[in-house]
Amino acid sequence: MANTSLIFYYLAQQRLSFKTFFFIPTALALITTLFVLFYVSSSTSHLIYFNHHHPHILYVSPKNLQTGSPSFPVSDRNVSKHHHPFVDLSNSSGGGGGGGGRSVSQRSAIVDLGSNGNYMNNNEVFHDRDIFLEDYKWMNRSFRIYIYPHKRKDPFANVLLPVDFEPSGNYASESYFKKVLMKSHFITKDPAKADLFFLPFSIARMRHDSRIGSPGIQDFIRDYIVNISQKYPYWNRTDGADHFYAACHSIGRSAMEKALEVKLNAIQVVCSSSYFLSGYIAHKDASLPQIWPRQADPPNLVSSKRKKLAFFAGAINSPVREKLLRFWKNDPEIYAHYGRLTTPYADELLGSKFCLHVKGFEVNTARIADSLYYGCVPVIIANHYDLPFADILNWKSFSVVVATLDIPLLKKILKGISSDEYLLLQRNVMKVRKHFQWHLSPVDYDAFYMVMYELWLRRSSMRLQLSPSINSS
């Protein structure tokens, strides 16, 4: 404050003109802007690590503020003892989807500084294995979820209760998670013991219910929130900040437009986890892995001869995929297919060293889980993708991230990975593949437990921030 007073006193003594007074901050702002632009333009691919326990910024509705919303202190037991890095795979060049990244040869030269000040080994599949295992045990002992109760005779029981069959298909992750959660030891019938509250509506089931359908999903969720907020006290205590839901279909992105407090406050566990979009809030929300359920291992997983450099097959439904086909459609080493394959999909994955996950309509597809299941090193071409379990797993140890801008350099990047580096990547793929599998009876460290750990990390830690409409009143 003293320095500021001296500046104003000096200006007053010099009797500077009005224009001169404003020249100094304007010039400083211009210089700062030029510096930022220079810094951003100096690199097209980068990795940034964040502390996952940034405070949860809470949107408070005017009605709750007027009635006197309580404050939400953060208790020591609710904050993990360590930081969980979040990997930002954004591309400073902007543009369509796709995440910034480096080839393994480039990445292996990077030394990361861990949260404890020690250097991290980028060859390890966990950011910090010991701390993860310790916290995992703590989570298993103490973490509790309350689910709003619904009965079989409820007219929308098909939407609110778990499915009575084994989930399958491209969006099975939502139904698998819900089905396994409701039978797990994490459930409590005592709301006072709950760390989080589960909103059990199913986006997938609503889509196929003729009474709701895609156009009616927003109204259903709005009415559901109104109903539980009137019937129970739990939503109103935090404006939904200790609630969560799960969704895998991309329509879930727009499902909360008539229930803003769900989108802004509740934890969204979703497959479409792009932090380029306003509906997804990194650190608050979590990425649900999109997994096509499969049982057991492929018969020739270990002995498979991988003669192809890279493989992709899928619909051409995005500019990113169009660009991939434009450069590599007829290449003899990068097999980029569109339309129906003439050979079994499994054989292509088993016969390729690298399998390409390329952004389509959304950043997410089941191709990463497919790659891991068949022991193929995933190559991720999807800017702004908040990768599943990024708080836990070191994606650099078992995958290659390529920016959309670098698609023309794809072969050079992959061929720049030495045999030893590839073997390390592939070995790590075999280590992490169990984390991307669903089981009706959950197995330690499988997809269900990993999602639960992500929720456990987010079970509290928040602060109030008044909404713009409230500030203006």
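The values are calculated or read from the model by the stated rules, or taken from the named source; none is laboratory data. Here the structure is a predicted model, which is why all the values come from computation and not from measurement. A quick note on method: Cβ atoms are made from the backbone with ideal geometry, for glycine too, and the neighbour counts reach across all protein chains shown. In case anyone asks, the SASA skips ligands and DNA or RNA and just uses the protein heavy atoms, side chains included. Shrake-Rupley method; radii C 1.70, N 1.55, O 1.52, S 1.80 Å.
Our coupling estimate for segment 306-316, obtained by passing each phi through the Karplus curve with A = 6.51, B = -1.76, C = 1.60 and θ = phi - 60°, is 9, 8, 8, 5, 8, 9, 8, 9, x, 5, 8 Hz, Gly and Pro reported as x. Given axes a ≥ b ≥ c from the Cα gyration tensor, I'd like to know whether segment 238-323 is rounded (a/c under 1.5), prolate (a/b larger than b/c) or oblate. Taking the square roots of the gyration eigenvalues as a ≥ b ≥ c, segment 238-323 is prolate. The residues neighbouring W292, those whose beta-carbon lies less than 14 Å from its own, together hold a net charge of 0 under the Lys/Arg +1, Asp/Glu -1 convention. In plain terms, the chain from M430 to Q295 could stretch by 47.0 nm, reckoned as 0.36 nm per residue minus the Cα-Cα distance. Magnitude of the charge dipole for segment 308-436, about its Cα centre and with charges confined to Cβ atoms of Lys, Arg (+1) and Asp, Glu (-1), is about 140 debye.
The residues neighbouring E362, those whose beta-carbon lies less than 13 Å from its own, together hold a net charge of +3 under the Lys/Arg +1, Asp/Glu -1 convention. Averaging Cα coordinates gives a centre for segment 361-423 and one for segment 271-314; these two points are 9 Å apart. Would you work out if segment 308-436 is rounded, prolate or oblate? Take a ≥ b ≥ c from the square roots of the eigenvalues of the alpha-carbon gyration tensor; rounded if a/c is under 1.5, else prolate when a/b is larger than b/c, oblate otherwise. It comes out rounded by the Cα gyration axes. Inter-label distance, A192 to E134: 3.2 nm, where each label sits 7 Å from its Cα along the C-beta direction. The order of R340, R306 by accessible area, most exposed first and with a 1.4 Å probe, is R340, R306. Is segment 144-229 best put as rounded, prolate or oblate by its Cα gyration tensor, with a ≥ b ≥ c the root eigenvalues, rounded for a/c under 1.5, and otherwise prolate when a/b is larger than b/c, oblate when not? Oblate shape, in that a/c is at least 1.5 and b/c is the bigger or equal ratio.
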